[in-house]
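Values quoted throughout were computed directly from the atomic coordinates according to the rules given, and no laboratory measurement underlies them. Every value quoted in this text rests on a predicted model; they were computed, and no experiment measured them. Note that each Cβ is placed from the backbone with ideal geometry, even for glycine, and that neighbours are counted across all protein chains shown.
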Amino acid sequence: MEAAKHMTMDLFSGNAGKRAPLADRMRPRTLDEFIGQAHIVGRGRLLRRAIETDSLTSSIFFGPPGCGKTTLANVIANETRARIAKLNAVTAGVKEVRAVIDEAQNALALYGQSTYLLLDECHRWSKTQSDSILPALESGVIRFIGSTTENPMVSMTGAVVSRCRLFQFYPLTIEDVEQAMRNALEDRERGLGNYNVEIEPEAFEHIARIANGDARSALNALELAVLTTPPQDGMIRIDREIAAESVQQKVVKCDDQQFYDMLSAFCKSLRGGDSDAALAWFARLVYAGVDPRIIARRLIAHASEDIGLANPQAMVQAVSAATALEHIGMPEAKLPLAQAIIFLCESPKSNSVVMADDAAFADAKDVPDAPVPIHLRDTAFRGAEKLGHGKGYKYPHDYPGHVVAQEYMPPSVKGRRYYVPGELGNEAKIRQNHIRNGKIKEPAEESAPKNAEGGKTD
């Protein structure tokens, strides 16, 4: 009965393997079959040496989907002499982890054999789950290998990260993806080698390019094209049209880290005045499904942060684009958003508003307050005159040029200057007014703040 049971399981297992997607069937089994990530697993590289000598310590593999993280973990399982335990953070809890640790302790004590714990989607572990593994990591009972699409420095507990070596994976190149496809077309055991397939070079390249560094997507598209195309004269011919139908549209990954990275690149392109780059990142953000209102909010912020009074129309353009987005929606609002992006990029730049704001708020926080000067106090109530409120105040419109010299600053910060106009665009005119009014004594002695990031991050 037991033998019959095992036979049944093996039969089903074999059928499941045959029915598995091409991408799963073609997973590399050895380091020599592994494609991409030459910076860490190329010949002579640290990670490859560690795997080949079975000396890999606890590690975390992080990078976008389809670049080989889980595959490499499976390669380690195939090539190492250590025991392997595989868990998925979505389904595995503290109970499962403790069971793995207990088995690892027994294997180490009885046979001197190490145990690898391969944890997929490790960023999904809670702090409690992460803490349950720490003693085993510190004692060396298990060697942990986590796989994640998220930045572990942000998404995982510091206690686990500090005990692991981090290896960053990058999207596969078009050449890498094409190699994976060629392997699948030639492999008779696991791939499509038993099919007579003729694929046009343009079709082949199209699938690899649209896959956008994701070998899994490319292999799934290739399999779909082969299995759904009727043979002609015993040959399955795949042209670009069939390839386009199979892969549909470019695969775009936009997890949290990728979103923040692309948004940062967009903001820095605005600040740098590169309209082409800003439009490129804008298009990628929108194509990836990012809410365009986030873009609109950044435009309004940058209109003050990086342009300010150098071109006051920048704020008008940014707000108008945001209003258009709310009124007409997407995709029509792409045009006013693009117009605002170009306008902001091509405008003269100044961070004087940021510098002034930061300095004023710093003093408001740190400098002790003093009473409001008597000539600036409120006079809009009965009895204000008896209290002396407003005594000595000079009404600017009674003077030539509608300007009169008098002290407006809080006494505790008298003499401080927050706003220093730059020398570009409209601020050049403001600067000249400050010179005429005596706020700037000598042009040579004053220098406008440089248009730098000023500690601001996006």
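Here the simple spin-label model places points 7 Å from the Cα toward Cβ, and for residue 195 and residue 32 these points are separated by 2.8 nm. Using the alpha-carbon centroid of each, what span in Å lies between region 170-208 and region 283-362? One Cα centre to the other: 44 Å.
Straight-line cross-link partners of residue 334 among the aspartates and glutamates, defined as a Cα under 13 Å from its Cα and at least 8 positions apart when in the same chain: 291, 326.
If packing is taken as the average number of other Cβ atoms within 10 Å across a peptide's residues, how do 216-223, 368-375 rank, most packed first? Provide the component values of the computation, followed by the final result.
Details: 216-223: 24.9, 368-375: 11.5.
In decreasing order of mean packing, 216-223, 368-375 become 216-223, 368-375.
Rounded, prolate or oblate: which fits region 270-329, taking a ≥ b ≥ c as square roots of the Cα gyration tensor eigenvalues, rounded meaning a/c under 1.5, else prolate when a/b beats b/c? Cα axes put region 270-329 in the oblate bin.
Rounding to the nearest 20 debye, state how big the charge dipole of region 147-227 is about its Cα centre with +1 on each Lys and Arg Cβ and -1 on each Asp and Glu Cβ. The dipole of region 147-227 has a size of about 600 debye. Cross-link pairs exceeding 23 Å in C-alpha to C-alpha distance, out of 394/439; 69/95; 127/268; 69/268, comprise 69/95; 127/268; 69/268.
Classification of region 174-247 by its C-alpha gyration tensor yields an oblate form. The axis ratio a/c (a ≥ b ≥ c) is 1.5 or more, and b/c is at least a/b.
What number, rounded to the nearest 500 deg cm²/dmol, is the helix-based mean residue ellipticity at 222 nm of the chain, given -39500 (n - 2.57) per DSSP H run of at least four residues and division by all its residues? Spell out each step's value before the answer.
Numbers: 21 runs with 222 residues, N = 458.
The per-residue figure over the chain is -14500 deg cm²/dmol.
Placing R0 at 56 angstrom, the Cβ-Cβ distance between residue 291 and residue 43 gives a FRET efficiency of 0.80 after rounding to 0.05. If R0 is 56 Å, the Cβ-Cβ spacing of residue 381 and residue 320 corresponds to a FRET efficiency of close to 0.85.
Normalising the average separation of contacting C-alpha pairs (under 8 angstrom, six or more residues apart) by the number of residues puts the relative contact order of the chain at 11 percent. Specify which residue in the list 230, 75, 93 is farthest towards the positive end of the charge dipole of the chain, using unit charges on the beta carbon of Lys, Arg (+1) and Asp, Glu (-1), about the Cα centre. It is 93. Given +1 at the Cβ of Lys and Arg, -1 at the Cβ of Asp and Glu and no other charges, the dipole of the chain around its Cα centre is 1320 debye to the nearest 20. Tell me, how many Å apart are the Cα centres for region 59-74 and for region 417-433? Taking the Cα centre of region 417-433 as reference, the centre of region 59-74 is 53 Å away.
Each of 295, 374, 415 was placed along the dipole of the chain (beta-carbon charges, centred on the mean Cα), and the one lying farthest toward the positive end is 374. Applying Stokes-Einstein at 10 °C and 1.306 mPa s to the Kirkwood radius of region 37-168, computed over alpha-carbon pairs, gives a translational diffusion coefficient of 108 µm² s⁻¹. The Cα atoms of the chain cover 107, 63, 45 Å along the three principal axes, with the biggest extent listed first.
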